[in-house]
Amino acid sequence: SIFMKTFSEHLVAVMSGVGIKRLWTSEGSPWYNFFDEIELSGFSREEAEALIREPVEDVFRWEPEGGERILTLSLLKPYLIQKFCIHSVNRMLEEGRTTITAADVQAVRDTVLIEAEPEPGPGPRLQQAPV
């Protein structure tokens, strides 16, 4: 309803996600009717590599194969890259190491892909990343 108020002509919002739940039971217009949907393409390889390495630079180390595995599994999509990174770093920390490996990435693959999948319903689905 905030977008229906008189001040809404001065209101701007940017939202992001992997999917929109399009089940609506309220009498009012669904919130997503007030937005233009724009699908973002994946990052370039260089941008994706930077997103993997720069946040942990000088703190943790990536084995080259670990970063490569994320590039392959994520399809260079920033959301998936971040999901793979956080889960891989958490696994590494749980094991008391300071280097993230391809085994870490592979171990979190199913969890990441399940978490990243939007709820069932109409709308686009995430592509399954290659094995």
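The values are calculated or read from the model by the stated rules, or taken from the named source; none is laboratory data. All values reported here derive from a predicted model rather than from experimental measurement. With ideal geometry, Cβ positions are generated from the backbone for all residues, glycine too; neighbour counts draw on all protein chains shown. To get the accessible areas, we keep the full protein, side chains included, count just its heavy atoms, and leave off ligands, DNA and RNA. Shrake-Rupley method; radii C 1.70, N 1.55, O 1.52, S 1.80 Å.
Structural remarks
- In the stretch 39-90, residue nearest to VAL14 (Cα to Cα) [restricted to those that are touching a helix residue (DSSP H, G or I) at 6+ places or on another chain (Cβ under 7 Å) and β-branched (Val, Ile, Thr)]: ILE81
- Residues of the stretch 8-48 satisfying the condition of being assigned to a helix (DSSP H, G or I), open to solvent by 60 Å² or more (accessible area, probe 1.4 Å) and under 20 Å from GLY67 (Cα atoms): ARG45, GLU46, GLU47
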